[in-house]
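Working notes for the structure below.
The values are calculated or read from the model by the stated rules, or taken from the named source; none is laboratory data. Model, not experiment: these values are computed from the prediction. Cβ coordinates were reconstructed from backbone atoms using ideal geometry, including for glycine residues, and neighbour counts include every protein chain displayed. Heads up: the accessible areas ignore ligands, DNA and RNA and are worked out on the full protein's heavy atoms, side chains in. Shrake-Rupley method; radii C 1.70, N 1.55, O 1.52, S 1.80 Å.
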Amino acid sequence: MVGLIRKSKGDNMRKLLFGLLFVFVGAGCAYAQKTSLKFNNDGTFKIVQFTDLHFIYQDKRADVVLECIQNVMKAEKPDLVMLTGDVIFGKPAEKSLRTVLDLLSKYKVPFGITFGNHDDEQGLSKGDLMKIIGSYPYNLTKSEPNLSGEGNYILTLKQAEGDGNAAVLYCFDSHSYSRLKEIGGYDYIKSDQIEWYRKKSAGFTRENGGEPLQAYAFFHIPLPEYHAAVADENSVLIGTRMEKACSPELNSGMFAAMKECGDVKAVFVGHDHDNDYAVYWHNVLLAYGRYTGGNTVYNHLSNGARIILLHQDGKSFETWIRLRDGSIINKTECPDSFIKK
């Protein structure tokens, strides 16, 4: 009996050690995945931007969201997925979020999320949502401590060969609603976030021999400059504009900081469901993603996603809209497609 007991304990110990080894190996694989964003051998890197899914668990109106994700992922085979806010729009929040991420994780593609103004209105805070998001192995979403909001982080894309940085993706929390009593509407990116961006940008520029490293920004609520760009008769707009940009009433200077740092080539947002246009203004592309959601909230466009194809040399990038039915519209190359001949 004693021998049997010892054998049983030994078996249990071996099982425990094997289990721990599996966890460590699995964690190592996940960590390796998180740190391996790099340009492909042909010098390209493809991003799919899903935005405003407004997903509600077990709501039939949201079924087209899952169909859209599947169709786009199969057709585009991206290197990275960015979800730019308003992922969920109903309770239970955790099941709504996990339904989307369970599907997305099946493709084993790294993903990042920036929050919208509706994500934390379903019973869970942004901090709670971050914990759920963080449980997925291909998640890249982080949150820089001591900054306004949740989900401010940076992703670097390495060169196809070597460990040098070739591009930077800046992800910001654009918050929700104005907290100033005399100012209504939507909130704005705060001064501490902008200062954080400036410092990080300056660091990448120094590492790059004094030349700004090509960069791209992702967040939910459009900047006030989206208005100015559309109003400029010299700017070229490609895509659909069916509503005024719902940007903050106050301008906190995010766009000015980008211009002064000289690195950001494009900004990609969501928020306005009936806009999917891109407009080139002061040598920066201000673009909307394509509404990915279903009929759980207002929309007049068939759902889809924006695709962004970066080039390692940074001289240009391509972007287009892939619709749920597989068709491609508004295929452009920036800057050439947006320069008046």
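Here is how the numbers come out for the structure above:
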read-out: Overall form of segment 113-266 per C-alpha gyration tensor (a/c, 1.5; a/b vs b/c); value: oblate
read-out: Stretchable slack from D59 to I132, in nm (0.36 nm times residue separation minus alpha-carbon distance); value: 24.2 nm
read-out: Ratio of Rg to Rh over the chain (Cα coordinates, Kirkwood Rh, two decimals); value: 1.02
read-out: Eligible aspartates and glutamates near K106 by straight Cα distance, threshold 19 Å, same-chain separation 8 or greater; value: D63, E67, E76, D79, E94
read-out: Whole-number accessible area per residue in Å² for the chain, which is evaluated in the context of all protein chains at 1.4 Å; value: 46 Å²
read-out: Simple spin-label estimate for R241 and I154 in nanometres, 7 Å along Cα-Cβ; value: 3.3 nm
read-out: Net lengthening on full extension, L301/D232 (0.36 nm per residue, minus Cα-Cα); value: 22.3 nm
read-out: Long pairs among K108/K331; K91/K181; K108/K158, criterion Cα-Cα beyond 22 Å; value: K108/K331; K91/K181
read-out: Eligible aspartates and glutamates near K340 by straight Cα distance, threshold 16 Å, same-chain separation 8 or greater; value: D232, E233
read-out: Positive-end extreme of charge dipole, the chain - chosen from N299, S337, C68 (charges on Cβ); value: C68
read-out: Mean Cβ neighbour count within 10 Å, used as a protection proxy, ranking 151-161, 102-112, 276-286 highest first; value: 276-286, 151-161, 102-112
read-out: Dipole of the chain [Lys/Arg +1, Asp/Glu -1 at C-beta], most positive-end residue of C261, F45, F204; value: F45
read-out: Length-normalised contact order for segment 273-313 - Cα pairs under 8 Å, 6+ apart - percent; value: 35 percent
read-out: Separation between Cα centres of segment 235-296 and segment 172-213, rounded to whole Å; value: 15 Å
read-out: Percent carbon-and-sulfur accessible area, the chain, ignoring ligands, DNA and RNA, probe 1.4 Å; value: 53 percent
read-out: Given charges at Cβ of Lys, Arg, Asp, Glu: the chain dipole, positive-most of L169, N251, T319; value: L169
read-out: Within segment 90-144: Cβ-based charge dipole about Cα centre, in debye rounded to nearest 20 (Lys, Arg +1; Asp, Glu -1); value: 260 debye
read-out: Theoretical gain in end-to-end length, N41 to A256 [0.36 nm per residue, Cα-Cα removed]; value: 74.0 nm
read-out: Percent antiparallel among DSSP beta bridges (both partners in the chain, rounded to 5); value: 55 percent
read-out: Dipole magnitude of the chain, debye to nearest 20 (Cβ charges: Lys/Arg +1, Asp/Glu -1, about Cα centre); value: 1500 debye
read-out: Kyte-Doolittle mean at least -1.0 and Cα axial length at least 27 Å: DSSP H helices in the chain; value: 2-34
